[in-house]
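Undergrad: Here it is, the structure, as structure tokens.
Nothing in this text is a laboratory measurement; each read-out follows from the coordinates by a stated rule. Computed from a prediction, not measured in an experiment: that's the story for all the values here. All Cβ positions, even for glycine, are placed from backbone atoms using ideal geometry, and neighbour counts span all protein chains on display.
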Amino acid sequence: MATPRNKGGVSLWRAWRWPGLTGAPLLLLSLVIGLPLAQAASLEELDSIVAVVNKDVIVRSELEREIVLALPEMREKGAEMPARSELEHKVLERMIEKRLQMQEAQRVGIKVEDGALTQAMEGIAQRNNLTLEELQTALGASGIRFEDFREDTRSQMIMSQLQAREVIKNITVTEPEIKRFLARESDSLIERTDVRLSHILVAVPETASSEEQEQARKKAQAIVAKLRAGADFGQIARAESQGQQTQEGGDLGWFAMADVPSLAQEVSRSLAKGEVSNPLRSPSGFHIIQVTDIKGSGPAVISQTKARHILIRTNEVVSDDDARIRLEQLRMRLAGGDDFANLARANSDDTGSALKGGDLGWLSPGDTVPQFEAAMNDLAPNQISQAFKSSFGWHIVQVQERRSQDTTEELMQLKAKQKLRERKADEAVKQWLRKLRDEAYIEDRLAKAAEQG
């Protein structure tokens, strides 16, 4: 079974965010969706159309709401706030990509039911140490309507399932690719416990004009260019930085990962030893961070599961209820003594494993999508699950054995394979989105207005 990797934690502000944003206003949605473009255009005075995507439209109020959703994440990351026109353009581009994917998902019959959405929302709240009610309050305090966030989460779940089905399932990673990765980047697989950071600040006074801010930004970018060309960080910090550790060459010392300042958290996790960040904006100016050293350990002992499954895919003909009922019938036959392997060969839509009687081999954490892994982890050896849904369809799974593996080399290879799959998935999705755009009718009225104005 081709299975995308889980990419990790979920931000409060971007629960399932990739790369799209939210849906239409409820009143306008009921008026516009499904109308011919000539009729939709008559609504311009009520809510002007900013883009046309095939037979669908994006209106100004949707764009404004998407900008509200985007701003907290930008502030959280310390990103420099672009000009209003640039922000509108970037957000609209992401909305167009989202709308194309939602149209494609509707065409192939992918949807997310309310029950699954509620579970996802509860998971987001839990990962941020909040109740669902507290999440709603936190969103409201940032100017985000809970219903907008909820529907955006539904859209992100749908797009995740669509990408898994149409793109990611076809990704393969070869042994030579894994060997090359380990030779070049094995340090990136270390589980970081502490990082040593160095820092350069290009200060911007609170009263600085826009011209002074732009000069500071260009200075910070020039410093980054020097550092990446091989200049010594300490020397540059002593000569250029306006931070407090100038005389120490910008050295901030060691931080436990949990204690890294919020501005540097993302780069502390993602940069390799010796790498330098892009300029990071804060109220005090532009910050340049270097990860000068890393403490941590390689992969730990992991538990592996030997499992087999039967998959029923949904489509225009087979509904969720059809798939679930069919699997429940198969499960009853298994309880009556039928052979799992024979039923998998005859019924499973996962052709790769069906030929092997549903056998998936030994699975490590992250080898399967989260819904499948969670269902599998709840089972005792020889136990068969109830029917459950993942991004690939409906499954029943049986755990056959479990074991612990402590071979460091094998674990490093597994992590390298996961990292390579993630990189390939990112590029494959970008190419697929370009293809969707090339085959679609898109009219960007914001861009047209900018050209005419």
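Undergrad: How much FRET efficiency would the formula 1/(1 + (r/R0)^6) give for E410 and R345, where r is the Cβ-Cβ distance and R0 is 41 Å, rounded to 0.05?
TA: With R0 = 41 Å, the Cβ-Cβ based efficiency is 0.85.
Undergrad: So what is the 222 nm mean residue ellipticity for the chain from helices alone, if each DSSP H run of at least 4 adds -39500 (n - 2.57) and you divide by all residues, rounding to the nearest 500 deg cm²/dmol?
TA: Values: 17 runs with 218 residues, N = 453.
Helix contribution divided over all residues of the chain: -15000 deg cm²/dmol.
Undergrad: Then there's this: Could you grab the relative contact order for the stretch 302-405? Cα pairs under 8 Å, six or more apart, rounded to a whole percent.
TA: Details: 185 pairs, mean separation 45.9, N = 104.
It rounds to 44 percent for the stretch 302-405.
Undergrad: Please report the equivalent ellipsoid semi-axes of the stretch 191-297, computed as sqrt(5 x eigenvalue) of the Cα gyration tensor, largest first, in whole Å.
TA: Numbers: eigenvalues 113, 43, 29 Å².
So the three semi-axes of the stretch 191-297 are 24, 15, 12 Å.
Undergrad: Which values, in whole Å and largest first, are the semi-axes of the equivalent ellipsoid of the stretch 271-343 obtained as the square root of 5 times each eigenvalue of the Cα gyration tensor?
TA: Numbers: eigenvalues 577, 100, 16 Å².
Largest first, the stretch 271-343 gives 54, 22, 9 Å.
Undergrad: Can you give me the pair-distance distribution of the stretch 131-239, C-alpha pairs, 10 Å bins, whole percents?
TA: Calculated P(r), rounded to whole percents: 10, 16, 18, 31, 24, 1.
Undergrad: Turning to a different aspect of this structure: Under a straight-distance cross-link criterion of Cα-Cα below 20 Å, which lysines are reachable from K90, leaving out those fewer than 8 residues away in the same chain?
TA: Within reach: K77, K98, K430, K435, K448.
Undergrad: If you don't mind, another one. Please compute the Cα-Cα pair-distance distribution of the stretch 302-405 with 5 Å bins starting at 0, giving whole percents from short to long.
TA: In order of increasing distance, the bins hold 2, 13, 25, 27, 20, 9, 3, 1, 0 percent.
Undergrad: A further question on this structure: Can you tell me what percent of all Cα-Cα pairs in the chain are more than 31 Å apart?
TA: Working: 55288 of 102378 pairs.
Taking all Cα-Cα pairs of the chain, the fraction more than 31 Å apart is 54 percent.
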